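Novice: There's a structure below that I have some questions on.
Read-outs: derived from the displayed coordinates by stated rules, not from any lab. As the structure is a prediction and not an experimental result, all values here were calculated from the model. Heads up, the Cβs are rebuilt from the backbone with ideal geometry, glycines too, and the neighbour counts pull from every protein chain shown.
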Amino acid sequence: MEKATGAAARFLGHWQVDRHVHDLDAARTGRFEGRASFSPVPGGLLYEEMGTLRLGGLAMRAARRYLYRFPEGGEVRVYFDDGRFFHAFDPGAARAEALHLCPPDRYEVAYLFGPDPHDWRSEWRVEGPRKDYRLVTRYTRPA
């Protein structure tokens, strides 16, 4: 992607990340604080996130990467960094929902976009035989 346009332009650049973790199995909460960036790569934007996760009295470095693609038609398609499809959503909706099934686990996400293009959220609910948690993440542009 040489120049970000449309939906890609909304995400392009650097973000502060503040994520609250609610581990419902272990009845504990945690928090991730860090930074993320969406950088142009051939075919889309590379999402890279790095920061510190504090959970259960421990602090650890955490990172993740995804590829966001913006095909014709307006939807955003998200892929794991190994190229496998993860989920798709409508970036034009105020509340865009998506589902990823990885049996026996279920990943549901809602993206919440308000009128401020420099502030948005994602809310994940993950359930499976060995996992049951919620992630609420706020993305804001650095000042």
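Novice: What does the net charge come to around Arg61 if you take all other residues with beta carbon closer than 13 Å to its beta carbon, with K and R at +1 and D and E at -1?
Specialist: Net of charged neighbours comes to +1.
Novice: Going by how many other beta carbons lie within 10 Å of each one, how would you line up Met50, Met60, fewest first?
Specialist: Least crowded to most crowded, the residues run Met60, Met50.
Novice: If you average the sequence gap of Cα pairs under 8 Å that are 6 or more apart and divide by the length of the chain, what percent do you get for the contact order?
Specialist: 20 percent
Novice: Also: Using Stokes-Einstein with the Kirkwood hydrodynamic radius over Cα pairs, what translational diffusion coefficient do you get for the chain at 20 °C and a viscosity of 1.002 mPa s, in µm²/s rounded to a whole number?
Specialist: 135 µm²/s
Novice: Oh, and also: If I take R0 = 22 Å and measure r between the Cβ atoms of Arg95 and Arg64 in this structure, what FRET efficiency does the formula 1/(1 + (r/R0)^6) give, to the nearest 0.05?
Specialist: Efficiency, from the Cβ-Cβ distance: 0.45.
Novice: Count the net charge of all other residues whose Cβ sits under 12 Å from the Cβ of Arg95, scoring Lys and Arg as +1 and Asp and Glu as -1.
Specialist: Here the charged neighbours net out to -2.
Novice: Which value in nm describes the separation of the simple spin-label points at Asp25 and Asp105, placed 7 Å from the Cα toward the beta carbon?
Specialist: 0.9 nm
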